[in-house]
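Enquirer: Once you've had a glance at the structure underneath, I'll fire off some questions.
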């Protein structure tokens, strides 16, 4: 029998699904080697199909997306039970990614904006919030419960491996899937649990072809405010680049396109908090002699917290800001 493969999309944008398809004709090799038993984004599978499987029946599951609803939690626990190997696939599952930025707020303030103060809400619908269970004449309607805190996959279930990126680059997906096929086909041992697959063990700066001179930064520029020198380090030119605090493996594609690294491959090895690492990196290059001078320079950087923790807020030391309303004991 073929090894069984499952793919699932929790709270994310769907880019990871596109990245899988982006391996082009190699997807046929994947389909030939694996029996794809669950991929609801692409084929008509039902949750009951997975529920009926014996525990451990799925050889490997690529789980992308953060955990922010009761449905996400249920599928994470279900697929963990049914899978021999569970992979946090992409930045949302690994770090929380863009959904994790919601942890700067709480559930009540998010609902208040979306369902009451947003300009897209008409007057008749303002202040009508979704609830998990609604009783209607035709029967009971149940929707997932929206959590107060966005979590990473490994904050809910045990994860075996990680494939970083927003989304993972197609060539790294090929490398990782190819390695898995080689292991299963030839009986080779699996990597140690917790291994980050499809990534390097240095920083994005080590892959960057630009020349770093570590100039002192007097102000930050938005990408549209300056035409950067294509050969000089973007950070030296005052364009925010999180390369010093980001794991290598993407081949510095954004930097090569004149866009500063955003940090989607996560923190480098042995770094606990990506945002704190970036703050430390900037502290040595800010051209300031006093706290006030440093403050003025940092004020030229749009959204520092969203920049430093764009992808890693949910997995950071902070994890979230203090909620205005106390969540239940599970942190939901």
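The values are calculated or read from the model by the stated rules, or taken from the named source; none is laboratory data. Note that the structure is a prediction, hence the values are computed from the model and not measured. As a convention, Cβ positions derive from the backbone with ideal geometry for all residues, glycine included, and neighbour counts pool all protein chains shown.
Enquirer: Between a residue in the range 1-28 that is closer than 25 Å to residue 73 by Cα and any residue that is at pLDDT below 90 and in a strand (DSSP E or B), which pairs come within a Cβ distance under 8 Å, given they are 6 or more apart or on different chains?
Expert: none
Enquirer: When the residues of the range 218-251 are filtered to those that are assigned to a helix (DSSP H, G or I) and over 22 Å from the mean Cα position of the chain (by Cα), which remaining residue is surrounded by the fewest Cβ atoms within 10 Å (Cβ to Cβ)? Show your work before the answer.
Expert: Residues of the range 218-251 assigned to a helix (DSSP H, G or I): 223-225, 235-237, 243-245.
When the remaining residues are screened for being over 22 Å from the mean Cα position of the chain (by Cα), the result is 223-225, 235-237.
Working: 223: 13, 224: 6, 225: 11, 235: 26, 236: 19, 237: 18.
Among them, the one singled out is 224.
Enquirer: Among the helices (runs of 4 or more DSSP H) confined wholly to the range 90-199, which include 2 or more residues that are surrounded by 12 or more Cβ atoms within 10 Å (Cβ to Cβ), under 19 Å from the mean Cα position of the chain (by Cα) and modelled with pLDDT under 95?
Expert: 170-186
Enquirer: While we're on this one: Of everything in the range 1-21 that's loosely packed, with under 15 Cβ neighbours inside 10 Å and more than 23 Å from residue 69 (Cβ to Cβ), which residue is modelled with the lowest pLDDT?
Expert: Initially, the range 1-21 is screened for residues loosely packed, with under 15 Cβ neighbours inside 10 Å, giving 1-2, 14, 18, 21.
Then keep just the ones that are more than 23 Å from residue 69 (Cβ to Cβ); that gives 1-2, 21.
Numbers: 1: 85, 2: 93, 21: 90.
Residue satisfying both the conditions and the ranking: 1.
Enquirer: Restricting to the range 47-73, name every residue that is over 19 Å from the mean Cα position of the chain (by Cα) and within 24 Å of residue 167 (Cα to Cα). Walk me through how you get there before you give the answer.
Expert: Of the residues in the range 47-73, the ones over 19 Å from the mean Cα position of the chain (by Cα) are 47-60.
Scanning the range 47-73 gives 58, 59, 60.
Enquirer: Same structure again: Could you check how many residues of the range 33-91 are in contact with a strand residue (DSSP E or B) (Cβ under 6 Å, 6 or more places away or on another chain) and over 25 Å from residue 131 (Cβ atoms)?
Expert: Going through the range 33-91 one residue at a time, the tally reaches 28.
Enquirer: Do you know which residues across the range 22-46 are under 21 Å from the mean Cα position of the chain (by Cα) and modelled with pLDDT of 90 or more?
Expert: Passing the criteria: 22, 23, 39, 40.
Enquirer: Tell me which residues, restricted to the range 213-244, are closer than 23 Å to residue 311 by Cβ, touching a residue at least 60 places away in the same chain (Cβ under 8 Å) and touching a helix residue (DSSP H, G or I) at 6+ places or on another chain (Cβ under 7 Å).
Expert: 217, 240, 242
Enquirer: Go through the range 35-77 and give me each residue that's over 16 Å from residue 5 (Cβ atoms), free of Cβ contacts under 8 Å to residues at least 40 places away in the same chain and in a helix (DSSP H, G or I).
Expert: Those that are over 16 Å from residue 5 (Cβ atoms), free of Cβ contacts under 8 Å to residues at least 40 places away in the same chain and in a helix (DSSP H, G or I): 47, 48, 51, 74.
Enquirer: So residue 254 passes all but one of these: (1) exposed (fewer than 14 other Cβ atoms within 10 Å of the Cβ); (2) within 22 Å of residue 277 (Cα to Cα). Which condition number does it fail?
Expert: Result: residue 254 passes all but (1).
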